[in-house]
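What follows draws every value from the coordinates through simple rules; no lab data is involved. The structure presented is a predicted model; accordingly, all values stated were derived computationally and were not measured. We place every Cβ from the backbone using ideal geometry, glycine too, and count neighbours over all the protein chains shown.
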Amino acid sequence: MDAPLGKVTHFFDKISVAIVALTEGLAVGEKVKFVDEKHGVDFEQTVNSLQLDHKELTKAEAGTEAAVKTIQPVKEGTLVFKL
């Protein structure tokens, strides 16, 4: 697997949204994989919702912290890979 495109810095469990510190760009419609071997997290999903400062985006740039709606809970430190 390539280098991760980001890491989860926070997770809001009530709304199932992960804040991801991005090291490369991410766009709605792209497939990603969340991996955290320590906590047994390993799943793939398509990015359907992407926000920055509560504004809906179609693409988030590297160096930003974007909010991504997730299909499963994740923990801080979970790595995010582009598929």
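What to note about this one:
- Table column - 3J(HN,Hα) (Hz), the range 60-77, Karplus curve with 6.51, -1.76, 1.60, x for Gly and Pro: 10, 8, 4, x, 9, 10, 9, 8, 10, 5, 10, 8, 9, x, 9, 10, 4, x
- Summed residue charge, Cβ within 10 Å of residue 3's Cβ, Lys/Arg positive, Asp/Glu negative: -1
- Measuring against 19 Å, Cα to Cα, the residue pairs 33/55; 59/82; 14/82 contain 33/55; 14/82 as the ones spanning a longer distance.
- Total formal charge among the other residues, if their Cβ is under 15 angstrom from that of residue 62, Lys/Arg +1 and Asp/Glu -1: -2
- A cut-off under 11 angstrom between Cβ atoms defines the neighbours of residue 32, and their net charge, with Lys, Arg +1 and Asp, Glu -1, is +1.
- Under 5 Å, built H, 5+ apart or other chain: amide partners of residue 70: 17, 18
- Two-decimal log10 I(q)/I(0) for the chain, as the Debye equation yields it once each C-alpha is a single scatterer, q = 0.13, 0.21, 0.27 Å⁻¹: -0.32, -0.89, -1.60
- Couplings for the range 14-19, taken from phi via the Karplus curve 6.51 cos²θ - 1.76 cosθ + 1.60 with θ = phi - 60°, read 5, 10, 6, 10, 9, 8 Hz in order; Gly and Pro are left as x.
- Under-5 Å amide H pairs with residue 59, H placed in peptide plane, nonlocal only: 28
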